[in-house]
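To start, the structure itself, in structure tokens.
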Number of protein chains: 2
Amino acid sequence: MSEPALLAVDWGTTTLRGALLASDGKVLAEHAAPHGLLSIPPGGWADAFAAEFGAWLAAHPGLPCLMAGMVGSRQGWVEAPYCACPANLADLAAQLCWVQPGRVAIVPGLSVEVDGLPDVMRGEETQVFGALALLGLSQATLVLPGTHSKWVTVQGGRITHFATYMTGEVYALLRQQSILARTLPADDAAWVAEAFDRGVDQAQAPGGLLHHLFAVRALSLFDRQDGPWLASYLSGLLIGDELRAQALPAGQAVVAVGSALLTDRYQRALAQQGHPVRQLGAEAAWTGLLALSTAARG
Amino acid sequence: MSEPALLAVDWGTTTLRGALLASDGKVLAEHAAPHGLLSIPPGGWADAFAAEFGAWLAAHPGLPCLMAGMVGSRQGWVEAPYCACPANLADLAAQLCWVQPGRVAIVPGLSVEVDGLPDVMRGEETQVFGALALLGLSQATLVLPGTHSKWVTVQGGRITHFATYMTGEVYALLRQQSILARTLPADDAAWVAEAFDRGVDQAQAPGGLLHHLFAVRALSLFDRQDGPWLASYLSGLLIGDELRAQALPAGQAVVAVGSALLTDRYQRALAQQGHPVRQLGAEAAWTGLLALSTAARG
């Protein structure tokens, strides 16, 4: 196999992923484990890093390593202070937080402030720059769906603005812990596309999210819809409310980055509103880390 | 003491309240217990009723009893089918659900339907008609805050429309179970009025509730505000979003019915937007039950 140029690591709250990347971006090997921030004791990061990646590093002495995600949070290995928006790839590369100087570094997260209220991301910035590189874009509107979805505006190669939506977390809470949970199935295995579409559509109607949610309860009281329909409708209401808040210009193209399970739903909801969508998987993180590594050396 | 004319009961999900009322509405005696629907085994309602109110009924043979609330739900004593809106006091009185004919009855809840989506209330309808009687109104906009807040429109003495908001339940979930809970105090003992006001105000700004919520997290990451401030701000965001969805006409007066803890918050938020508010306590239910009892005899 080609010689690896970078050990790329995406170390999140509950999981970690790593990849050996060739200088042309080819993924030579991958590793994933459910060993996220929450499973690592204070002071245990260097040991955890060695346990996960020691074999690769022994096989490739001197290989540089770049890490993104919650590994750089206050509860992480080393706190990598947020880089303020607007920020481009070079800004991030200049503010890498070195764990082992010249060898192992953590990518800083981003912060932005609107009307005195801050917002933050950590890990998604790397996926954004990876997506821009993969698609050859310097201007884009991106969504990175998840527990806390991020909507990102890029102009002239710089992230100029972003906003976080607690859509995924609120969905999980309502789905599992609220009164609505009583009539919903245990998982989303039975997906009802028409119900999801109806939810997206209803979320655009007057009334507000807190009201629209209650219809899930009322529909079940009258036995109008079954559990799988209602779960898909609930998902549509929440993603639809997130889209309503964007107030995207008509026809605005969107890049959706993340797991296909989620980006498929966003693509469907956005298409319903006339927005073309390009989807990219989480491999955008590898491209982003390689680009940052190159920029840091430059 | 005067002779009681009615045993009035408000039997909810987690608690029950009862009162002996004179024919002029005077409360002669009251009883409350944490014995709501959830604590009563199937088939156990008659026994529970006797255990709670047997002594009063023995002392006043033949006293009529009217009950409102979840006692009339599918999991209650007898299911009292919803009465469709528009509905006035006479409509409700005509559809009382008799448990012991001529003696003990349950007030039906109300249903309404907009664009194929139903909404329901059970118990609040009685408080609404009580509030109208107490204030001498036949036209009003009312809010009944709670786990599931109700906004009610009354025209010509009839409830013509209402809408449920899951505000209280979503607040509790976010407050106790979400990532936001980590930096919030255990209870709302330390109330910060200025933070609540800021939340109400921010909820009117573009961005949407799912986004505004995340600022609670970001503000704590930067140590900008402490836990009590953030909890009050969160409450303001949710109540503020509920108000935003109302899009009330400028200067529209509102009647708030419920516990002072909640109606005080709604009054404050509504006043911030220029709406005069009159508050009534849950005793409005007694007035409503007495009026229904009179209408049923008439």
Looking at B:222, A:16, B:247, which one has the Cα that reaches farthest to the positive end of the dipole of the protein assembly as shown (charges on Cβ: Lys, Arg +1; Asp, Glu -1)? B:247
Using only Cα positions of the stretch B:63-216, each an equal point scatterer, no hydration layer, compute I(q)/I(0) via Debye at q = 0.10 Å⁻¹ and quote the log10 values to two decimals. -0.49
Treating the beta-carbon of each Lys and Arg as +1 and of each Asp and Glu as -1, no other charges, what is the dipole magnitude of the stretch B:104-216 about its Cα centre, to the nearest 20 debye? 80 debye
Shortest first and in nm to one decimal, what separations exist between residue B:190 and its copies in the other chains, measuring from label points 7 Å along the Cα-to-beta-carbon line? 4.8
In the stretch A:143-298, what percentage of the DSSP-assigned beta bridges are antiparallel, given to the nearest 5? 65 percent
So for chain B, Kirkwood radius off the Cα pairs, Stokes-Einstein at 20 °C and 1.002 mPa s: how many µm² s⁻¹? 105 µm²/s
For chain A, give the magnitude of the charge dipole about the Cα centre (Cβ charges: +1 Lys/Arg, -1 Asp/Glu; no others), in debye to the nearest 20. 120 debye
Once you keep just the Cα pairs under 8 angstrom separated by 6 or more residues, what percentage relative contact order results for the stretch A:194-298? 27 percent
Sites residue A:39 and residue B:176 - FRET efficiency at Förster radius 30 Å, r taken between beta-carbons, to 0.05: 0.80
If eta is 0.692 mPa s and T is 37 °C, what Stokes-Einstein diffusion coefficient results for the protein assembly as shown, Kirkwood Rh from Cα pairs, in µm²/s? 123 µm²/s
Quick one: work out the % antiparallel among DSSP beta bridges in the protein assembly as shown, nearest 5. 70 percent
For the stretch B:71-148, alpha-carbon Rg and Dmax in angstrom: 13.2, 39
GNM on chain A, C-alpha springs below 10 Å: top fluctuator among A:172, A:58, A:133? A:58
Modelling each spin label as a point 7 Å along the Cα-to-Cβ direction, I'd like the residue A:259/residue B:60 distance in nm, to one decimal. 5.9 nm
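On a full-extension model of 0.36 nm per residue, what is the gain between residue A:46 and residue A:186, subtracting their alpha-carbon distance, rounded to one decimal in nm?
Between residue A:46 and residue A:186, full extension yields an extra 46.6 nm.
Within a 10 angstrom radius of each residue's Cβ in B:154-166, how many Cβ atoms of other chains show up on average? Whole number is fine.
Per-residue shielding by partner chains comes out at 3.
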Estimated FRET transfer efficiency (residue B:2, residue B:279; beta-carbon r; R0 30 Å; 0.05): 0.60
In what sequence do A:244, A:74 fall when counting other Cβ within 10 Å, fewest first? A:74, A:244
Label position 7 Å from Cα toward Cβ: report the copy-to-copy distances for residue A:116 in nm, one decimal, ordered from shortest. 4.5
Candidates A:240, A:281, A:109: whichever shows maximal mean-square fluctuation once chain A is modelled as a Gaussian network with Cα springs under 10 Å: A:281
In peptide A:170-176, what is the residue-averaged number of other protein chain Cβ atoms found within 10 Å of each Cβ? 3
Taking the Cα-to-Cβ direction at residue A:138 and at residue B:24 and moving 7 Å from each Cα, how far apart do the two end points lie in nm? 8.5 nm
Quick one: among A:129, A:162, A:53, which has the greatest mean-square fluctuation in a GNM of chain A with alpha-carbon springs under 10 angstrom? A:53
Average partner coverage of A:115-121, which counts Cβ from other chains inside 10 Å: 6
Could you give the Stokes-Einstein D for the stretch A:1-71 in µm² per second, using the C-alpha Kirkwood radius, 37 °C, 0.692 mPa s? 265 µm²/s
Give me the percent of DSSP beta bridges within chain A that run antiparallel, rounded to the nearest 5. 70 percent
Interchain or sequence-distant (5+) residues whose placed amide H lies within less than 5 Å of the amide H of residue A:29 are A:20
Among all the lysines, which ones have a C-alpha under 30 Å from residue B:150's C-alpha, if same-chain residues fewer than 8 places away are not counted? B:26
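Using Cβ counts within 10 Å as a stand-in for footprinting exposure, how do A:10, B:187, B:91 rank, fewest first?
Details: A:10 26, B:187 9, B:91 18.
By the 10 Å Cβ count, ascending, the order reads B:187, B:91, A:10.
Coordinate-derived values only; no laboratory data. Remember, it's a predicted structure, so these values are computed and weren't measured experimentally. Here Cβ is always computed from backbone atoms with ideal geometry, including for glycine, and neighbour counts include all displayed protein chains.
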